[in-house]
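Asks: Would you mind keeping the following structure in view while I ask a few things?
The values are calculated or read from the model by the stated rules, or taken from the named source; none is laboratory data. These figures come from a predicted structure and were not determined experimentally. Here Cβ is always computed from backbone atoms with ideal geometry, including for glycine, and neighbour counts include all displayed protein chains.
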Amino acid sequence: MELVDVSKQYATADGPLRALERVSLSIAEGEFVSIVGPSGCGKSTLMLIAAGLVPPSAGSVHVGGREVHGPYGNVGVVFQDATLYEWRRVLDNVLLPAQIQGLDLERARTRARELLELVGLGGFESKYPFQLSGGMRQRVALCRALVHDPALLLMDEPFGALDALTRDQMNLELQALWQAHRKTVLFITHSISEAVLLSDRVIVMSPRPGRIGASIDIRLPRPRTLDFEDTPEFGRYAREIRSLFQSWGLLKAGA
């Protein structure tokens with residue numbers, strides 16, 4: 001994926017609102033890239049543009065060498081909310097992209113069951129969303145995004161609403177899925193530690209209008225456990241990112 005000078009401006013009652021300003025970013029095949037930044041800096045807007053769901057005001061997005069002009073098929077998207085259909089059982093929710101794209105449903109059903117087993121939801125195929133916890137619902141959403149075997153996975157703060165323990169578990173499960181399938185991932189988060197734990201590279205965005213303030217390679221071995229957060233190397237990366245927010249006046253020294 002490549003974003004070239006992407007800008008976005010919204011019309012509001014108070015006049016134009018610049019959400020993004022000339023964002024250029026390349027993501028290599030199989031790379032896990034996180035974007036971290038303050039609220040309102042345009043992170044979610046950037047993901048929607050990358051998914052072809054919102055057009056940029058200027059600039060362009062290219063996936064697999066082709067310019068994006070609207071929604072495309074070879075992508076899985078996970079939003080902040082699981083957005084499951086309450087009247088569909090777990091397995092049917094996961095199968096939705098395969099049905100929409102007209103894929104072989106028997107093969108898709110086999111893959112859906114494998115993914116559900118991988119995230120600890122084997123045996124829950126016949127449950128309805130209201131019978132699941134928040135973390136379980138997000139696991140279903142993740143399986144749904146992967147069932148059609150997309151090359152690209154876009155995730156917009158998918159674990160932000162979860163409790164701390166569930167969020168930690170979801171991060172470990174996402175890492176295991178990524179290592180097993182090596183999708184190209186663009187992951188949006190507010191959490192510095194989450195970004196460092198998961199990523200090959202962390203993009204730090206400035207306050208609105210969002211610009212790329214820094215691109216930081218995370219050179220930590222994989223697989224990464226939660227114990228990595230207690231290591232000096234992990235702390236060094238987290239401090240580097242935090243210091244950027246301090247330099248922009250978003251964090252006060254000593255806070």
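Asks: Take residue 50 and decide whether it is outside the structural domain of residue 129 (by TED's automatic domain parsing) and over 21 Å from the mean Cα position of the chain (by Cα).
Replies: no
Asks: Quick test of your reading of the structure: residue 197 fulfils all but one of (1) out of contact with any strand residue (DSSP E or B) (no Cβ under 7 Å at 6 or more places or on another chain); (2) at pLDDT below 90. Name the failing condition by number.
Replies: It is condition (2) that residue 197 fails.
Residue by residue, here is whether (1) under 20 Å from the mean Cα position of the chain (by Cα); (2) surrounded by 14 or more Cβ atoms within 10 Å (Cβ to Cβ); (3) touching a residue at least 24 places away in the same chain (Cβ under 8 Å) holds:
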site: 205; (1), (2), (3): yes, yes, yes
site: 232; (1), (2), (3): no, no, no
site: 236; (1), (2), (3): no, no, no
site: 241; (1), (2), (3): yes, yes, yes
site: 244; (1), (2), (3): no, yes, yes
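Asks: Related question: Restricting attention to the stretch 59-89, and to residues there that are part of a strand (DSSP E or B) and of a type in the set (A, V, I, L, M, F, W, C), which single residue is nearest to residue 141 (Cα to Cα)?
Replies: 78
Asks: Starting from the stretch 7-26, keep only residues that are closer than 22 Å to residue 187 by Cβ and part of a strand (DSSP E or B), then list their pairs with residues that are of a type in the set (Phe, Trp, Tyr) and modelled with pLDDT of 90 or more whose Cβ atoms are within a distance under 8 Å, requiring at least 6 positions of separation or different chains.
Replies: 19/10
Asks: Can you work out which of the residues in the stretch 27-39 that are part of a loop (DSSP other than H, G, I, E, B) and surrounded by 14 or more Cβ atoms within 10 Å (Cβ to Cβ) is farthest from the chain's Cα centre (by Cα)?
Replies: Result: 38.
Asks: Find all pairs meeting these conditions: Cβ atoms under 7 angstrom apart; at least six residues apart or on different chains; first residue within the stretch 118-129 and assigned by TED's automatic domain parsing to the domain that holds residue 92; second residue in a loop (DSSP other than H, G, I, E, B) and surrounded by fewer than 19 Cβ atoms within 10 Å (Cβ to Cβ).
Replies: 125/89; 126/89; 127/89; 128/86; 128/89; 129/86
Asks: Could you tell me whether the stretch 187-198 includes any residue that is surrounded by 18 or more Cβ atoms within 10 Å (Cβ to Cβ) and more than 26 Å from residue 40 (Cα to Cα)?
Replies: Looking for residues that are surrounded by 18 or more Cβ atoms within 10 Å (Cβ to Cβ) and more than 26 Å from residue 40 (Cα to Cα), one finds none in the stretch 187-198, hence no.
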